Amino acid sequence: VGARPQFIKLSPFLKAAEAAKHKVRIIHTGQHYDEEMSDSFFRDLEMKAPDLNLNIGSNSQAIQTAQMLEGVEVDLLQNKPDWVVVFGDTNSTLAGSLAATKINIPTAHIEAGLRSFNREMPEEINRMVTDSITDYFFTTTALANTNLGALGHGEEKIFFVGNTMIDSLLGNMERLIQPPLWNEYSLEDKGYLVMTLHRPSNVDGYENLRQLLSLINDNVGDKKVVFPMHPRTKKMFDQFGIAFDKLIVTGPMSYLEFIYMIKHSAGVVTDSGGITEETTVLNVPCMTLRNSTERPETVTEGTNELIGANPDNVGEWVDKMLQGQWKKGSIPELWDGKTSERILEVLCSKYSV
Ligand code: UD1
């Protein structure tokens, strides 16, 4: 693991594995390293600290991945695990799976088979490579099984088990924390929006981001928009020097506070993939500022609407959201909080072979 969403996906799996007395060695690549992007998740989700942190940090796609690859290989050779398990679609996923499979350690990919078919996103390349080389695939949807089947993988390697991110969500519903800004800004249930933006295509261009934020800011009427900012987004935002009076800007929020905020919001504006799964399960309206999604079930079954990266009609959608005129979703099959146990059961049965 190395990036924020992976800590969330790891946590329930780690708990299930530890409960069954398996030894788990956590390798953290250091892709995310700020306290609120990394340590706070280990604390909130009550996980042991990583056994190894490679402290790779930020760099270009190639350098970051290459350094991770080197570090992970050394550790795998030293510790010789029976299995390597990788999560999601980040550069850490790619490095972990490549390092492990090259030295013939059986490797399982959790959240395999997703495709946006947009190769401009580094995550899509990571998914394509990881899904070509790993040994076992654990999927969140039936469509992911179809995508993997089209690559020629046999059915005996592909397991539709559900979503470990939703295991975390459902497992922590009683532990959510109201952040201090709730009282500070006199927020009320369903009386505000939450926004997150971190995709390079949305936040790395000055004019693009400024326009997007102005559109949101100018269309929310008397409502506020809570905007916990990813460090990538903050770098650009700090150059603006303009006030967006409806935006409540904070740093990255802790997991338990963030889920509290989306659960009580009138809706979410995002370019994340994982958040569209969480809003689907929480039945909270969500609009995605991207042209494609690797998680189409959040649109066809859930509460997500894919409205595009540069939408002229964002005002209309915000209006719908604030008026409560949003479609009602349903919860995708097997997103029931029990995915980690299912994965472990499969892994154990394969291990004894
Ligand atoms: C990464 C993942 C993305 C995932 C996201 C979750 C890849 C290619 N991208 O994107 O799939 O959705 O994590 O957040 O793996 N930075 C900090 N502090 C940190 C981490 C990052 O300041 O702790 C800044 C650095 O300036 C860095 C930039 O954020 O250059 C981007 O970080 P990086 O890990 O490359 O990608 P993310 O945008 O976080």
Net dipole in debye of the stretch 172-277 [+1 Lys, Arg Cβ; -1 Asp, Glu Cβ; about Cα centre; nearest 20]: 160 debye
If you average the sequence gap of Cα pairs under 8 Å that are 6 or more apart and divide by the length of the stretch 53-156, what percent do you get for the contact order? 23 percent
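Quick one: of 234/328; 263/338; 23/263, which pairs are farther than 30 Å apart, Cα to Cα?
On the way: 234/328 33 Å; 263/338 21 Å; 23/263 34 Å.
Over 30 Å Cα-Cα: 234/328; 23/263.
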Can you tell which of 325, 99, 139 lies farthest toward the positive end of the dipole of the chain, using +1 and -1 charges on the Cβ of basic and acidic side chains (Lys, Arg; Asp, Glu)? 99
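Near residue 273, within a Cβ-to-Cβ distance under 9 Å, what is the net charge of the other residues, with Lys and Arg +1 and Asp and Glu -1?
Values: positive: 290, 295; negative: 89, 123, 271, 277, 294.
Neighbour charge sum, excluding residue 273 itself: -3.
Report, in debye and to the nearest 20, how large the dipole of the stretch 1-120 comes out about its Cα centre when Lys and Arg carry +1 and Asp and Glu carry -1 on their Cβ. Before the final figure, lay out the partial values.
Details: 12 positive and 15 negative charges, 89 e Å.
Using only the charged Cβ atoms, the result is roughly 420 debye.
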Using only alpha carbon pairs under 8 Å that are at least six residues apart, calculate the relative contact order of the chain and give it in whole percent. 16 percent
Looking at 311, 273, 57, which one has the Cα that reaches farthest to the positive end of the dipole of the chain (charges on Cβ: Lys, Arg +1; Asp, Glu -1)? 57
Helix 4-19: inclination vs the chain longest Cα principal axis, degrees, rounded to 10, gives 50 degrees
Cα-centred dipole magnitude for the stretch 35-76, charges only on beta-carbon of K, R (+1) and D, E (-1), debye, nearest 20: 80 debye
For every other residue with a beta carbon closer than 12 angstrom to the beta carbon of residue 320, add +1 if it is Lys or Arg and -1 if Asp or Glu, then tell me the sum. -2
If you find the alpha carbon centre of the stretch 258-295 and of the stretch 209-230, how far apart are they in angstrom? 15 Å
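My understanding is that a pair violates if its Cα-Cα distance is over 29 Å; which of 9/350; 48/223; 80/157 do that in this structure? Write out the running numbers ahead of the final one.
On the way: 9/350 21 Å; 48/223 40 Å; 80/157 22 Å.
Pairs exceeding the cut-off: 48/223.
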Inter-part distance where the stretch 48-70 and the stretch 163-204 are each reduced to a Cα centre, Å: 27 Å
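All of the numbers you see were taken from the coordinates with simple rules; none came from a lab. It should be emphasised that the depicted structure is a prediction, and the values quoted were computed from it without experimental measurement. Methodologically, a virtual Cβ is constructed for each residue, glycine included, from the backbone with ideal geometry; neighbour enumeration extends over all protein chains shown.
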